[in-house]
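For reference, the structure is listed below as structure tokens.
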Amino acid sequence: MASSTKPRVLTGDTPTGRLHLGHWVGSVERRVQMQGDYDCYFLLANMHAFTTRADKPGDIRQDTIEIVKDWLAAGIDPNQATIVLQTEVPAIAELTWYFAMLLSFKDVMGNPTLIHELKTKGLEDKYSFGFPMYTVGQCADILAFRPTFVPVGEDQEPHIEMCRKTARKFNQLFCGVSDRTPDDQYATAGGVFPIPKALIGRIARLPGVGDGAQKMSKSLGNAIFLSDPPKEVQKKLNKITTGRQSPTEPGDPTNILFKFVEAFITDPARVAELKDRYARGDNLGDGHVKQELAEAVNKLLEPMRQRRAEFEKPGGDDTIVDIIRAGTRRANLVAEETLYMAKAAMKIDFGRRVLG
Ligand code: ATP
Ligand code: MG
């Protein structure tokens, strides 16, 4: 698989909990669609989970396994896509160091997603030195695979921009590529790293259940998980608040409830009808919309629940660990090759190692 000629794709998730509907519409759905036509690498960012949860190594380990179960349940096929465990790819940690020298302190600390996370995750005055480092680490996660595309949700855009900046800088500084080179020509102009492109999902930012102010997030307690049972899905959807008082009050068909309608009701004619009746206050209550939504979400999740059940049997975790090991072995072939190319450009190619 390392020698595949298909264009490469890299993306991943941090094992800070299970996967939720935001992951599905923001990135995972696209991964399932792309895995046959692209050389896909899906990364478990378990090193990054330590930036906020160093006190919970057991949880990080189990969440790593649970996320792979979610991936397989969602339709990711480990025979087509390569599943990669960050902590077993040493090239990523090494590239992180080199890339940290290419970005300014201001580039990192001014990253809008980082600033937002410090606020919303309650980290403002107590975050570790390592927390901001994850943004540099993410540049290495991506560039270690020299991908063309990175399918992500909208919140990741500043990170991808930072990664693109790092790639340009590296190519200019160590490979003699001109800073006037168009992004799509860096590789052919002699750069080690192509400048990757973000592919933002069908729904760029799914809000969390509640008032919709925050995005749905594992860490914010506002998520509907892919593994939630049907009743839990309905219960969580009922937490959505719009401020609307009655079924006859004209409603806003772009509010949080309708973000969910757009994301999960698949028949466009039905979506249009619901929007029209809601806007006119034509006897359509929020409760009714939520019920229809629950049916649609559960229809999406039911096959995932069934596939997941296979891995919840005894021995399931061992099977997952085997899948992670096999994928990571394949991934290291690519990442080591990238590291060697980068070291050669940096004139530190003193020896080529073989990972045992
Ligand atoms: P955490 O709270 O630990 O940051 P998270 O829920 O934000 O977790 P990540 O692992 O950071 O999840 O994100 C994995 C991928 O899913 C990224 O591509 C991200 O953009 C996407 N994603 C996460 N939440 C959403 C959302 N609510 N809407 C769309 N995409 C999302
Ligand atoms: Mg996140």
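Considering only residues of region 1-57 that are assigned to a strand (DSSP E or B) and of a type in the set (Val, Ile, Thr), which is surrounded by the most Cβ atoms within 10 Å (Cβ to Cβ)?
Thr11
If the Cβ limit is 7 Å and pairs must be 6+ apart or interchain, which residue in region 67-94 that is more than 14 Å from Arg31 (Cβ to Cβ) pairs with which residue that is among the hydroxyl-bearing types (Ser, Thr, Tyr) and in a helix (DSSP H, G or I)?
Once the first residue is more than 14 Å from Arg31 (Cβ to Cβ) and sits in region 67-94, its partners that are among the hydroxyl-bearing types (Ser, Thr, Tyr) and in a helix (DSSP H, G or I) give Leu85/Thr328; Glu88/Thr328; Val89/Thr328; Ala91/Thr338.
Conditions (1) away from ligand 2 (no atom under 15 Å from the Cβ); (2) of a type in the set (Lys, Arg); (3) not assigned by TED's automatic domain parsing to the domain that holds Pro15, marked per residue:
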| residue | (1), (2), (3) |
| --- | --- |
| Trp71 | yes, no, no |
| Gly75 | yes, no, no |
| Tyr98 | yes, no, no |
| Asn111 | no, no, no |
| Lys126 | yes, yes, no |
| Thr135 | no, no, no |
| Ala140 | yes, no, no |
| Leu143 | yes, no, no |
| Ala167 | yes, no, no |
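If we keep just the residues of region 113-148 that are of a type in the set (D, E, K, R), over 16 Å from Trp97 (Cβ atoms) and touching a residue at least 40 places away in the same chain (Cβ under 8 Å), which is surrounded by the fewest Cβ atoms within 10 Å (Cβ to Cβ)?
Only one residue tops the list, namely Lys121.
Scan Asn222, Asn171 and give me the residue that is of a type outside the set (Lys, Arg) and within 30 Å of Ala344 (Cβ to Cβ).
Asn171
Every residue in region 40-88 that is out of contact with any helix residue (DSSP H, G or I) (no Cβ under 6 Å at 6 or more places or on another chain) and polar (S, T, N, Q), please.
Of everything in region 40-88, those that are out of contact with any helix residue (DSSP H, G or I) (no Cβ under 6 Å at 6 or more places or on another chain) and polar (S, T, N, Q) turn out to be Thr52, Gln62, Asn79, Gln80.
Rundown of residues vs (1) within 16 Å of ligand 2 (Cβ to nearest atom); (2) closer than 19 Å to Arg325 by Cα; (3) not basic (Lys, Arg), yes/no style:
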| residue | (1), (2), (3) |
| --- | --- |
| Met34 | no, no, yes |
| Phe42 | yes, yes, yes |
| Ile60 | yes, yes, yes |
| Val89 | no, yes, yes |
| Leu95 | no, no, yes |
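Grab the helices (runs of 4 or more DSSP H) fully contained in region 78-169, keeping just those with 2 or more residues being within 12 Å of ligand 1 (Cβ to nearest atom).
112-120, 130-143
When you go through Lys236, Lys218, Lys197 one by one, which is the residue that is within 17 Å of the chain's Cα centre (by Cα), crowded, with 17+ Cβ neighbours inside 10 Å and not aliphatic (A, V, I, L, M)?
Only one candidate qualifies: Lys218.
Hey, can you tell me all the residues within region 195-233 that are away from ligand 2 (no atom under 15 Å from the Cβ), farther than 19 Å from Ala294 by Cα and at pLDDT 95 or above?
Answer for region 195-233, where residues must be away from ligand 2 (no atom under 15 Å from the Cβ), farther than 19 Å from Ala294 by Cα and at pLDDT 95 or above: Ile195, Pro196, Lys197, Leu199.
Taking Leu355, is it out of contact with any Pro (no Cβ under 6 Å at 6 or more places or on another chain) and either surrounded by fewer than 19 Cβ atoms within 10 Å (Cβ to Cβ) or acidic (Asp, Glu) (or both)?
So Leu355 passes the test.
Residues Thr248, Thr242: which one is surrounded by 15 or more Cβ atoms within 10 Å (Cβ to Cβ), over 26 Å from the mean Cα position of the chain (by Cα) and not small (Gly, Ala, Ser)?
Thr242
Pick from Ala213, Ala223, Ala263: which is surrounded by 20 or more Cβ atoms within 10 Å (Cβ to Cβ), of a type outside the set (Asp, Glu) and not assigned by TED's automatic domain parsing to the domain that holds Asn298?
Within the list Ala213, Ala223, Ala263, the selection yields Ala223.
The values are calculated or read from the model by the stated rules, or taken from the named source; none is laboratory data. On a predicted model such as this, the values are computed, not experimentally measured, just so you know. Virtual Cβ from ideal backbone geometry, glycine too; neighbours counted across all protein chains shown.
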